[in-house]
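Participant: The following block contains the structure, expressed as structure tokens.
What follows draws every value from the coordinates through simple rules; no lab data is involved. The structure displayed is predicted, hence computed values, not measured ones.
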Amino acid sequence: MEVYFMEHREREVPMTLLDTQKEKWYQVKEIREKENVQRRLEALGILVGTRVQVLNQKRSGSTIIRVRGTRWALGRTIASGIEVEDCEHE
């Protein structure tokens, strides 16, 4: 009788803007949104590689961020589609 062991790899759960802490800096890793939303975010300066600071997360679901000196409020749906990773401010 042969026994096979399958290698168990833990999948890394992506961190989105909804999973962040206030006042910390993050870098946008991926944007998983519809094309028209991606274009709008690009126009606001939110691109892959952009550093963002999470300023507040409201009970209503909106997330307030700072991008290149400007504050933006993002709804829960859009914030959940923006993957980020920890980074330090320049």
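Participant: When the expected Rg is taken as 2.2 N^0.38 Å, what fraction or multiple of it is the alpha-carbon Rg of the stretch 20-86?
Facilitator: In units of the globular-protein estimate, the stretch 20-86 measures up at 0.99.
Participant: Starting from the Cα of K34, draw a straight line to each of the lysines and keep only those under 20 Å, dropping any in the same chain fewer than 8 residues away.
Facilitator: Excluding near neighbours in sequence, the set is empty.
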